[in-house]
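*Asks:* One structure coming up, written as structure tokens, with questions to follow.
The values are calculated or read from the model by the stated rules, or taken from the named source; none is laboratory data. Not measured: the values here are computed from a predicted model. Because the Cβ atoms are built from the backbone with ideal geometry, glycine has one as well, and the counts that use them run over all protein chains shown. Areas reflect the complete protein model, heavy atoms only, side chains present, ligands, DNA and RNA absent. Shrake-Rupley method; radii C 1.70, N 1.55, O 1.52, S 1.80 Å.
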2 protein chains.
Amino acid sequence: MTQLLTGKEPAQAIKDEVAERINALNKRVGLATVLVGDDPASEVYVRMKHKAAATVGMYTYDHHIPGDTPQDEVEDLVRGLNADPAVDGILVQLPLPDGLDPDAVIDLIEPGKDADGLHPHSLGLVVLERSGGAVPATPQGIMRMLDYYDIETEGKLAVIIGRSRLVGRPMGLLLNHKSANATVVFAHSRTRDLPAITRQADILIVAAGRPGLVTADGVKPGAVVVDVGINRVDEKLVGDVDFESISEVASAITPVPGGVGPMTIASLLLNTVVLAESRIAAGT
Amino acid sequence: MTQLLTGKEPAQAIKDEVAERINALNKRVGLATVLVGDDPASEVYVRMKHKAAATVGMYTYDHHIPGDTPQDEVEDLVRGLNADPAVDGILVQLPLPDGLDPDAVIDLIEPGKDADGLHPHSLGLVVLERSGGAVPATPQGIMRMLDYYDIETEGKLAVIIGRSRLVGRPMGLLLNHKSANATVVFAHSRTRDLPAITRQADILIVAAGRPGLVTADGVKPGAVVVDVGINRVDEKLVGDVDFESISEVASAITPVPGGVGPMTIASLLLNTVVLAESRIAAGT
């Protein structure tokens, strides 16, 4: 029987942990969100984040500004949030409208308040295997999910398809940490004979944004398959792997939707409380 | 015939480029070194760096302070160098004496002056594939060496043994960049059946600090082998791979010494001029 790795339960476990850690802090923990413009999908995401924060007792500060806000005003908003002692985490919802420079905005976030883990400093801490900073939410969520389902990473061969800043690259680094000890393969669109590589994987993580990229003949019997893709095909949401055929081969697989998705918001909340704890520990 | 990938020529090519870029800047470029204590090896390394800087027309500022200097005084020295407009790059020679916290010292370096590329911010820029920052010197030197010898990375399988902050991790990220497009495997001491992994490598980079770790039976015929190890065995310097046997199999191999070594100091000089250029471009 193939195990279905649903995100709901491990996401709830993270949220329970966050609620406890907030309680233990004896201080309000606040997440500020910055949404520029009226992209409907972005509005939905931000609303979901606020809702999730409320369930764990986290305060949220909603900054929704017009899509034609100039770069320097967006930057001033971020500077104000950096200086605001009520704000422990800052999340700038991406993508920003055309004409705004997202790197310049993200770079301005105080690394100690970078709730999404997208600031160069946060990613550098991941390279260095140092704690206390935010970790990109999706790969962190996947690490938590593997742990929740008792999937061993030590000595395993993990193949990651996709090398995005948000998912693929930090995912590989986390699995390469001494605390995880996997042997990690970074594969991508230019990899030669991809199925020959993926067939070696004990753990296969697919984050390429291409539906049907991996089929059963690219999966080793008994492998664990984590599908990060979310693609709309014929009005249906599907991942990057062929769920039907791979379910016959893999020992465990994440569904899409309902797999990795719920982990991401829970990880954002976890980052925010970690940053709040770090600020208290540093006395700042 | 196996090609010998000596470091002298590509290192000289970098130094020539640095000298030209310094000339083009029409401004003094300065590298400050901080050496704490009297470790003889560290003294030699710092002296070599000063000597190399002089050959490219770079100014150096030598700060050699006693081994019992307290943490806060080391930190004050770094703060002073951050504020000094004559200093474009700061290098803190590692290891620091026992009792000093190297992370706290490195974290204090202004990222725009982090000549060694060890600050979290610099490493984060490597994850993000963004330019303008310093790149850890040894992996950057290896990338330059591969380029110098026209060794194609696009679509190749590159296996890296070792996951240090300074070499293995950034090495894998650089080869994974879109500008290099290799498929990258991060292997290490806990990798199961290491020879089965390394035998797949088109490019094999060994940075584990264990002499004789890789022998000919772990190398694919025609592979390129880069040996980052420097180990003292029976009064001789040897790398991590068995040079004699692998020379019969590989298409190209770096000698130890005389291979990767010379690239590292050249890369440090390159970082310093890149940082100087970035500061001028930013008008700071």
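*Asks:* Can you tell me how many residues in the stretch A:157-177 are under 17 Å from B:Val126 (Cβ atoms) and either at the interface with chain B (Cβ under 8 Å from one of its Cβ atoms) or acidic (Asp, Glu) (or both)?
*Replies:* Looking only at that region, the number is 7.
*Asks:* Tell me which residues, restricted to the stretch A:42-52, are under 16 Å from the mean Cα position of the chain (by Cα) and among the hydrophobic types (A, V, I, L, M, F, W, C).
*Replies:* Listed by number, the residues that qualify are A:Val46, A:Met48, A:Ala52.
*Asks:* Which pairs do you get when a residue that is over 17 Å from A:Leu275 (Cβ atoms), found in the stretch A:1-26, comes within reach of a residue that is surrounded by 13 or more Cβ atoms within 10 Å (Cβ to Cβ) and polar (S, T, N, Q), reach meaning Cβ atoms under 7 angstrom, with the pair 6+ apart or on two chains?
*Replies:* Once the first residue is over 17 Å from A:Leu275 (Cβ atoms) and sits in the stretch A:1-26, its partners that are surrounded by 13 or more Cβ atoms within 10 Å (Cβ to Cβ) and polar (S, T, N, Q) give A:Thr2/A:Ser247; A:Thr2/A:Ser251; A:Gln3/A:Ser251; A:Leu5/A:Thr254.
*Asks:* Moving on to the next point. Cβ contacts < 7 Å: first residue of a type in the set (Ser, Thr, Tyr), restricted to the stretch B:151-164; second residue part of a strand (DSSP E or B) and open to solvent by less than 20 Å² (accessible area, probe 1.4 Å), any location; separation 6+ or different chain. Result?
*Replies:* B:Thr153/B:Ile203
*Asks:* In the stretch B:21-38, which residues are open to solvent by less than 70 Å² (accessible area, probe 1.4 Å), among the charged types (D, E, K, R) and within 17 Å of B:Gln93 (Cα to Cα)?
*Replies:* Hits for the stretch B:21-38: nothing passes.
*Asks:* Taking helices (runs of 4 or more DSSP H) that do not extend beyond the stretch A:42-154, which have at least 1 residues that are within 14 Å of chain B (Cβ to nearest Cβ) and open to solvent by 30 Å² or more (accessible area, probe 1.4 Å)?
*Replies:* A:102-108, A:120-127
*Asks:* Scan the stretch A:178-195 residue by residue and report those that are closer than 14 Å to B:Phe186 by Cβ, open to solvent by less than 20 Å² (accessible area, probe 1.4 Å) and at the interface with chain B (Cβ under 9 Å from one of its Cβ atoms).
*Replies:* Of everything in the stretch A:178-195, those that are closer than 14 Å to B:Phe186 by Cβ, open to solvent by less than 20 Å² (accessible area, probe 1.4 Å) and at the interface with chain B (Cβ under 9 Å from one of its Cβ atoms) turn out to be A:Asn181, A:Ala182, A:Thr183, A:Val184, A:Val185, A:Phe186, A:Ala187.
*Asks:* If I ask for residues that are under 22 Å from the mean Cα position of the chain (by Cα) and within 11 Å of chain A (Cβ to nearest Cβ), which ones from the stretch B:196-210 would you list?
*Replies:* If the condition is that a residue be under 22 Å from the mean Cα position of the chain (by Cα) and within 11 Å of chain A (Cβ to nearest Cβ), then B:Asp202 is the only one that fits.
*Asks:* Can you pull out every residue in the stretch B:148-164 that is acidic (Asp, Glu) and at positive phi?
*Replies:* B:Asp150, the sole residue that qualifies.
Condition check ((1) over 23 Å from B:Arg21 (Cβ atoms); (2) touching a strand residue (DSSP E or B) at 6+ places or on another chain (Cβ under 7 Å); (3) free of Cβ contacts under 8 Å to residues at least 60 places away in the same chain) across all residues:
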| site | (1), (2), (3) |
| --- | --- |
| B:Thr55 | no, no, yes |
| B:Met58 | no, yes, no |
| B:His63 | yes, yes, yes |
| B:Gly67 | yes, yes, yes |
| B:Val74 | yes, yes, yes |
| B:Leu77 | yes, yes, yes |
| B:Gly80 | yes, no, yes |
| B:Pro97 | yes, yes, no |
